[in-house]
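These notes are about the structure you will find just below.
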Amino acid sequence: MEANDAATQTTGSWSGGNKPLGASYGKMMMWFFIMSDALTFSGFLGAYGLMRFKFLDTWPIADEVFTHIPFIHGDYPMYYVAFMTFVLIFSSVTMVLAVDAGHHLKKGKVIFYMLLTIIGGIIFLGSQAWEWSHFIGGDKGAIQLNDGKIIQFIDAKGHQVKLEDFAAAKTDQRVRHTSSKGIWNVSEPALPPVSLEQVITGFKAHPDLQLRLEKIDSKTKEKLLVPHQDAGSYLANAKRVVIGANLEVNEYGKTLFGDFFFFITGFHGFHVFSGILINIIIFFNVIIGTYERRGHYEMVEKVALYWHFVDLVWVFVFTFFYLV
Amino acid sequence: MTAATSHKALIWKVFGILSVITAVEVFLGITKPAFLHTVYLAGTNLLNIIFLVLTLVKAYYIAWFFMHLADEKKGLRRAIVWTVFFLILYLATLLLLEGDYLRGIEINYTKWNY
């Protein structure tokens, strides 16, 4: 290719054939794509920042939301997402090692490192799926008031209490409507495990319980608590039991928190997914020797650029969703 | 391309730096030292500013050494980095200022005592 260029190159800066940026067409286009994608992500994260600043005093605290590790009980804030970050960084390292091996035309090493990269990506994606399912499934549960605020329940030690752990026994005969039972052809989503009445009755029977509001005290950085004797007026405004998260409501606090979480980590996860697919395609191309015959492994470099970009975006998502 | 071993050494060094920074971030995120968390600067607390700086340092190492921007010509590097950096800086500044303003409005209409 280089020889070809030299043959067609004419003298003079404006006669064509020059490569002022010293990059091939394909690599430049990948950079163009990455820049536009970076601006898309910054648009999303910017919108998140806007709403985060608007609701600065009521935004859910990430340490209280993401507290779980697979197969382990108890509260361990952030360790799992730190593990995910580490996996993605490590898959970036193996990717750049594959590029490095490609420069020396070591086919076997390119294959090995690309395989590790793909495995790393799959581990990350699986972890994210786990985190999503835990976020959606919910943890302790909460009550939503008529104006949309979320109220959580706290015991004397300051730990959040699961609704089922204090709710009163079921008294009514309410069962889930399905199209074949109850009103003919009318169905409804699954009922929460405890009803609002059970929660309120149970709360009144446990004087050690308090309410926790969404509002954060700017000095202590803790959410405001409502003592048991003052809780009645809040519970009089209760609308429904909320367990888990969806796009309309979540038990952790602001609905927007869940929306941005789903949208931004979902968009990033989709990038990881497509990155894995592209990596797999190039991986098989390496195995069948396409780039060995071509004489260079620039294609590996291009997909590596994309893969590193996905890692780069995660660095920011990690900071803005889990740290700040 | 003779510097094969040195390139690999650089990659592992960058990996070490990124891992250490991530570990520091996670440590600060879990402990949230009060002397950082409750001191305010530029509209946010000191801890958040540290997170932001560490994130930018990580981004620098990924872009320069993993994405090989360090090996690109200066013109290409600046065309990429400056464009993205300043556009995002501009967008983020406007949106965050606006968000802060909206907070000042919204806070008057939200009641917490029932």
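Could you list, in sequence order, all residues of the range A:259-301 that are exposed (fewer than 15 other Cβ atoms within 10 Å of the Cβ) and not in a helix (DSSP H, G or I)?
Of everything in the range A:259-301, those that are exposed (fewer than 15 other Cβ atoms within 10 Å of the Cβ) and not in a helix (DSSP H, G or I) turn out to be A:Ile288, A:Gly289, A:Gly295, A:His296.
As an exercise: evaluate B:Tyr40 against (1) among the aromatic types (Phe, Trp, Tyr); (2) without any contact (Cβ under 8 Å) to a residue 24 or more places away in the chain; (3) within 7 Å of chain A (Cβ to nearest Cβ) and give the number of the one condition it does not meet.
(3)
This table checks each residue for (1) without any contact (Cβ under 8 Å) to a residue 24 or more places away in the chain; (2) on the phi < 0 side of the Ramachandran plot; (3) not charged (D, E, K, R).
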{"residue": "A:Lys181", "(1), (2), (3)": "yes, yes, no"}
{"residue": "A:Gln198", "(1), (2), (3)": "no, yes, yes"}
{"residue": "A:Asp208", "(1), (2), (3)": "no, yes, no"}
{"residue": "A:Leu213", "(1), (2), (3)": "no, yes, yes"}
{"residue": "A:Leu224", "(1), (2), (3)": "yes, yes, yes"}
{"residue": "A:Pro227", "(1), (2), (3)": "yes, yes, yes"}
{"residue": "A:Ala231", "(1), (2), (3)": "no, yes, yes"}
{"residue": "A:His268", "(1), (2), (3)": "no, yes, yes"}
{"residue": "A:Val272", "(1), (2), (3)": "no, yes, yes"}
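How many residues are in a helix (DSSP H, G or I), within 21 Å of the chain's Cα centre (by Cα) and at the interface with chain B (Cβ under 10 Å from one of its Cβ atoms) if we restrict to the range A:38-67?
16
For the range B:90-109, does any single residue satisfy the condition of being at pLDDT below 90, within 8 Å of chain A (Cβ to nearest Cβ) and not in a helix (DSSP H, G or I)?
no
Tell me yes or no: at least one residue of the range B:71-79 is surrounded by 14 or more Cβ atoms within 10 Å (Cβ to Cβ) and within 30 Å of A:Leu211 (Cβ to Cβ).
no
Taking A:Glu214, is it surrounded by 19 or more Cβ atoms within 10 Å (Cβ to Cβ) and within 25 Å of A:Arg52 (Cα to Cα)? Working first, answer last.
Details: surrounded by 19 or more Cβ atoms within 10 Å (Cβ to Cβ): yes; within 25 Å of A:Arg52 (Cα to Cα): yes.
Criteria met by A:Glu214.
Exactly one of (1) touching a Leu at 6+ places or on another chain (Cβ under 8 Å); (2) closer than 28 Å to B:Phe85 by Cβ; (3) away from every other protein chain (no Cβ under 14 Å) is unmet by A:Ser274. Its number?
(1)
Counting only residues that are among the polar types (S, T, N, Q) and either surrounded by 19 or more Cβ atoms within 10 Å (Cβ to Cβ) or within 16 Å of B:Ala92 (Cα to Cα) (or both), how many does the range A:45-68 have?
Within the range A:45-68, residues that are among the polar types (S, T, N, Q) and either surrounded by 19 or more Cβ atoms within 10 Å (Cβ to Cβ) or within 16 Å of B:Ala92 (Cα to Cα) (or both) number 1.
Does the range B:43-80 hold any residues that are facing chain A (nearest Cβ under 7 Å) and of a type in the set (S, T, N, Q), and which are they?
B:Asn48, B:Thr55 - these are the residues of the range B:43-80 that are facing chain A (nearest Cβ under 7 Å) and of a type in the set (S, T, N, Q).
Which members of the range A:221-258 meet the condition of being of a type in the set (Lys, Arg), part of a loop (DSSP other than H, G, I, E, B) and either more than 17 Å from the chain's Cα centre (by Cα) or surrounded by fewer than 16 Cβ atoms within 10 Å (Cβ to Cβ) (or both)?
Of the residues in the range A:221-258, the ones of a type in the set (Lys, Arg) are A:221, A:223, A:239-240, A:254.
Among the residues that remain, those that are also part of a loop (DSSP other than H, G, I, E, B) are: A:221, A:254.
The answer is A:Lys221, and nothing else.
Please go through the range A:190-224 and pick out each residue that is within 12 Å of chain B (Cβ to nearest Cβ) and of a type in the set (A, V, I, L, M, F, W, C).
If the condition is that a residue be within 12 Å of chain B (Cβ to nearest Cβ) and of a type in the set (A, V, I, L, M, F, W, C), then A:Leu211, A:Leu213, A:Ile216, A:Leu224 are the ones that fit.
State whether one or more residues within the range A:10-23 are at the interface with another protein chain (Cβ under 9 Å from one of its Cβ atoms) and in a helix (DSSP H, G or I).
no
When the residues of the range B:82-100 are narrowed to those that are surrounded by 17 or more Cβ atoms within 10 Å (Cβ to Cβ) and among the hydrophobic types (A, V, I, L, M, F, W, C), which ends up nearest to the chain's Cα centre (by Cα)? Let's see the steps before the verdict.
The initial filter retains those residues of the range B:82-100 that are surrounded by 17 or more Cβ atoms within 10 Å (Cβ to Cβ), namely B:84, B:88, B:91, B:95-96, B:99.
From the residues that got through so far, the ones that are among the hydrophobic types (A, V, I, L, M, F, W, C) too are B:84, B:88, B:91, B:95-96.
Values: B:Val84: 14, B:Ile88: 12, B:Leu91: 15, B:Leu95: 17, B:Leu96: 15 Å.
Within the range B:82-100, the match that is nearest to the chain's Cα centre (by Cα) is B:Ile88.
Among all residue pairs at least 6 apart or on different chains, which show Cβ distances below 9 Å where the first residue, located in the range A:101-130, is outside any helix (DSSP H, G or I) and the second is hydroxyl-bearing (Ser, Thr, Tyr) and modelled with pLDDT under 95?
Listed pairs, sorted by first residue: A:Leu105/A:Tyr291; A:Leu105/A:Tyr297.
Quick one: which of A:Met78, A:Met95 is at positive phi, within 14 Å of another protein chain (Cβ to nearest Cβ) and buried (at least 16 other Cβ atoms within 10 Å of the Cβ)?
Residue meeting the stated conditions: A:Met78.
Do you know which residues across the range A:141-187 are surrounded by fewer than 19 Cβ atoms within 10 Å (Cβ to Cβ), part of a loop (DSSP other than H, G, I, E, B) and in contact with a helix residue (DSSP H, G or I) (Cβ under 9 Å, 6 or more places away or on another chain)?
A:Gly148, A:Asp155, A:Ala168, A:Ala169, A:Lys170, A:Thr171, A:Asp172
The values are calculated or read from the model by the stated rules, or taken from the named source; none is laboratory data. From a predicted model like this one, the values you see are computed outputs, not experimental measurements. All Cβ positions, glycine included, derive from the backbone under ideal geometry; neighbour counts span all protein chains shown.
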